[in-house]
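What follows is a set of notes on a single structure, which appears directly below.
The values are calculated or read from the model by the stated rules, or taken from the named source; none is laboratory data. Not measured: the values here are computed from a predicted model. Cβ sites come from the backbone with ideal geometry, for glycine too, and all protein chains shown count toward neighbours.
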Amino acid sequence: MWFLLALSSAIFAALTSILAKIGIEGVGSNLATAIRTMVVVIMAWGMVFITHQQGGIRAISQKSWIFLILSGLATGASWLCYYKALQMGDASKVVPIDKLSVVITLVLAFVFLHEEFTAKSMIGCILIGAGTLLMVL
């Protein structure tokens, strides 16, 4: 099931890029990000209430609050940068560079989460990096 959800995420992310590139024309990147964010907030809270998870707010630990807030700040910064880059550049070049987050995530997961970094992971990172360079040059 996780694979289908991850694949769906990739498909929706691709749609996000194309729809955003079309929609951002003539709109400031920060305003476009704010509009997108409002839609995401409404969708996310809608899912919380549909699945009856709103009661879980009281059970969230201080550590979780801190890291969820930091994650939200990182997401916001990512989206602001992404929309500005998308406004200034071609989607076919911006998106592959944005997806270098896969490589960066693998390295950070190894360093901070002590997740396994295998030869296969290393080869994958090199191939993603080389593929990204090939696509944007």
Taking the condition farther than 20 Å from ALA10 by Cβ and either among the hydroxyl-bearing types (Ser, Thr, Tyr) or surrounded by 14 or more Cβ atoms within 10 Å (Cβ to Cβ) (or both), does LYS84 pass?
yes
Inter-residue pairs, beta-carbon under 8 Å, first under 23 Å from VAL94 (Cα atoms) and without any contact (Cβ under 8 Å) to a residue 40 or more places away in the chain and in the range 110-137, second not aromatic (Phe, Trp, Tyr) and not in a helix (DSSP H, G or I), 6+ apart
ILE128/LYS99; ILE128/LEU100; GLY129/LEU100; THR132/LYS99; THR132/LEU100
Which one of the conditions (1) under 24 Å from GLY131 (Cα atoms); (2) modelled with pLDDT of 95 or more; (3) β-branched (Val, Ile, Thr) does ILE50 fail to meet, given that it meets all the rest?
(1)
List every residue pair whose Cβ atoms lie under 9 Å apart, where the two residues are 6 or more positions apart in sequence or sit on different chains, the first residue falls within the range 56-78 and is within 20 Å of ILE104 (Cα to Cα), and the second residue, located anywhere, is outside any helix (DSSP H, G or I).
LEU68/ILE60
